[in-house]
1. Please tell me the relative contact order of region 205-364 in percent, rounded to the nearest whole number, where contacts are Cα pairs under 8 Å and at least six residues apart.
2. Rounded to the nearest 10 degrees, what's the angle between the helix 20-33 long axis and the longest principal axis of the chain, both from Cα atoms, 0 to 90?
3. Using the reciprocal of the averaged 1/r over all distinct C-alpha pairs, how large is the Kirkwood radius of region 533-709 in Å?
4. Report Rg (one decimal) and Dmax (nearest whole number) for the chain, counting Cα atoms only, units Å.
5. Tally Lys and Arg at +1 and Asp and Glu at -1 over the other residues with C-beta under 12 Å from the C-beta of Ala299: what net charge comes out?
6. Enumerate the lysines that Lys45 could reach by cross-link, defined here as Cα to Cα under 27 Å, with residues fewer than 8 away along the same chain left out.
7. Lys and Arg at +1, Asp and Glu at -1: add these up for the other residues within a Cβ distance under 14 Å of Arg513 and post the number.
8. If the cut-off is 29 Å between C-alpha atoms, which lysines fall inside it for Lys510, apart from same-chain ones fewer than 8 positions away?
Amino acid sequence: MNGLEGLLIKARSFAKRGDAPAARALYHEVLDRYPRNARAIAALKVLDEPGDTPAQLAFDRMVAAFNAGRMDEAAACGQALSKQHPHAHGVHNLLGAALLELGNHAEAETAFRRAVAADPQGYAGYNNLAIALRRQGRMDEAEAVYREVISRAPGYADAPYNLANLLEQTGRLDEAAQWLEAAVTSDPGHVEAHYNLGNIRARQGYRDEAIACFAVAATLKSGHTDAHNNMGAQLLAAQRADDAIAAFDRALVADPSNGQALVNRGKALVLKGERLAAITAFRAALALDPQNKSALLQALFEEAHICDWHARHEYALTEGPDAAVVQPFASLPFIDDPAHQLRRSQTCAAKMFPDIPTSLPAPAPSPDGRIRIGYFSADFHDHATMHLMAGFFRSHDRARFEVRLYSYGPQRENDAARVAVRQQADAFVEIGPMRDEDVVALARADALDIAVDLKGYTLGTRTRLFGHRLAPVQVSWMGYPGTLGHPAMDYFIADHVTVPKGAEAFFSEKIVRLAHCYQANDDTRKIVADTQGRTGWGLPEKGFVFASFNQSYKISPAEWDIWMGLLHDTEGSVLWLLDTGPHARRNLCHEAQIRGIASSRLIFAAPLPHAEHLGRLKHADLFLDTFAVNAHTTASDALWAGLPVLTLAGRQFAARVAASLVRAVGLPELAVESEADYTTMARALARDADRLGSLRARLAENLRSCPLFDTAGYTRKVEAAFTRMHRRRQDGLAPEDFDVQ
């Protein structure tokens with residue numbers, strides 16, 4: 001029995017038999033793990049100073065002062081006693097502990113060295129000496145002390161445990177894990193060794209091993225709230241939401257004030273789609289700590305998804321580095337400010353990305369002369385990104401480019417989009433189960449010339465991989481509508497509308513501006529002809545149909561006010577919205593009613609397979625765009641289906657995408673510059689059937705000739721951009737801004 005109680009029982013047994021050295025060694029072992037254990041301190045006092053002597057009374061005062069946090073008094077008592085009793089191990093050890101608390105690390109070192117000299121078998125003194133050395137930055141000396149203890153007492157678990165902590169602190173994770181394994185072999189009941197090993201395995205990317213370590217720690221100590229919480233975090237990362245929630249619940253039973261467990265529980269509930277419960281968890285964490293900006297931002301983002309705007313003004317309180325754990329995507333719908341979004345990305349990247357490697361990969365030229373490009377994404381399946389990019393991959397010139405796809409998304413083998421894109425690549429590699437380090441090694445072994453991130457700060461991302469440098473040239477494209485804020489990304493592909501002149505200041509990447517539009521599109525996107533008619537979708541046979549099929553989190557009170565005004569001014573009109581769930585429906589109906597609009601004029605459309613959704617869009621008259629985050633794929637869907645999109649060109653990239661799309665489809669007048677112009681244009685089109693009909697006719701005529709849906713021409717532009725990036729690297733030139741015509 002090597003737990004606390006077992007050690008104390010053994011020590012008392014030795015003391016009763018008169019074997020003071022053995023008892024003393026065991027009490028010191030207790031103090032190694034629990035430096036303030038009153039029973040061990042008191043027992044050592046009796047062993048060192050038997051009888052009710054002045055020395056014992058002085059030591060009593062020292063212990064009482066130390067336990068009460070009066071370190072100055074404890075140190076003064078200890079210094080006096082150490083002169084009177086130079087061989088009293090316990091006095092020197094406790095004096096050193098008090099001096100450590102006071103920040104007198106050099107004096108603490110001296111005290112611990114005296115403790116070691118007084119009792120070479122008192123391993124607590126060695127451990128404390130190593131702590132004093134570490135606090136002085138003398139890591140090599142501290143490591144030597146730990147190794148000396150290990151050589152003196154191979155079965156003493158705390159020595160390899162402490163050595164492992166030092167090695168972890170200096171980044172030597174593999175060695176640290178080995179010593180923690182040695183610690184738990186020596187003492188299977190060493191809770192903190194199991195727990196720390198779990199943390200290291202998590203950092204190394206060994207998720208299953210980490211979960212197992214946390215489970216052992218939590219079994220040994222059911223009240224170990226951090227073990228339960230960290231186990232839950234790993235289960236959540238493995239998409240095991242129910243198991244994760246159970247772990248977070250155990251963490252909260254152990255410590256109801258564990259705010260991080262509440263936040264993590266909220267994240268797991270989001271994964272399950274239980275937004276109301278998630279909001280409750282985030283708000284509970286915020287109640288525990290009103291300064292928890294992470295909890296606040298996540299609560300606001302989930303409230304935005306259900307169109308609960310009561311606390312939207314609180315977004316102004318979310319600035320600060322502690323919000324960096326929330327990816328900046330959550331900030332996009334609240335404020336249209338590219339400078340703000342740059343700060344958000346930089347703060348997040350500083351926390352998320354690893355240290356920048358000292359050198360770049362330097363792959364040799366490919367034997368066949370092709371440029372080797374790796375595309376990294378979780379979305380190589382029936383997903384909005386693939387709806388846009390399927391044509392690009394189909395048109396990619398494989399004679400000039402070696403195309404490798406690295407997928408860390410769901411492995412849906414029967415997914416048609418996934419099957420198709422696999423056929424358009426030289427290699428399709430599943431990297432989902434792989435550790436970051438192994439993915440980096442694979443990418444470098446594949447000798448990539450260019451690595452392309454198609455995710456950025458979006459759901460399921462592993463964009464931090466790019467911080468390790470997968471290739472000498474790294475590009476952000478199509479995934480995240482803004483800067484990643486990290487120097488590991490060399491280029492960002494945009495256009496002259498999404499990133500107008502001067503706006504490159506809000507990007508850490510160099511800007512590549514494509515002619516016309518940055519967004520890929522597939523000119524073979526299938527549209528299934530609708531057979532239900534307007535009434536089949538609950539729409540009026542003759543009334544004007546405004547539509548907005550954006551996700552609900554993009555809707556803010558600003559555009560909602562305008563939309564309700566349009567319904568008020570346009571008799572018989574309705575607003576056709578994407579149905580994102582009962583909570584959003586209820587809140588939007590309420591927001592309509594308080595603006596004087598009957599909820600019956602809001603028509604909610606359930607999600608459909610993509611081609612069928614495109615077919616029903618013909619029943620809408622005008623698509624009304626959202627502001628801070630425009631329709632992106634949704635806007636190009638509408639245009640491809642022949643539905644005009646009215647948008648407000650904002651300031652940040654996410655607020656200018658639809659403006660780029662309508663210009664590239666030949667309808668520039670639908671990108672207005674102010675809310676007043678937006679309202680005026682929408683009202684005019686609703687009242688002038690001929691004008692709207694003319695717009696729709698122009699759109700229909702432009703579809704087959706406009707740049708937006710010229711998939712082959714667009715692909716050649718992107719390939720030209722990649723070629724220029726590659727040549728600059730070969731010539732030893734740094735990345736630069738450039739245009740592609």
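FYI, it's all coordinate maths here, none of it is from the lab. The structure displayed is predicted, hence computed values, not measured ones. We place every Cβ from the backbone using ideal geometry, glycine too, and count neighbours over all the protein chains shown.
1. Numbers: 189 pairs, mean separation 20.1, N = 160.
Once normalised by length, the contact order is 13 percent.
2. 20 degrees
3. Radius from the Kirkwood sum: 16.1 Å.
4. Rg, Dmax (Cα atoms, Å): 32.3, 107.
5. It works out to a net charge of +1.
6. Lys10, Lys16, Lys83
7. 0
8. Those lysines meeting the cut-off are Lys351, Lys455, Lys501, Lys554, Lys717.
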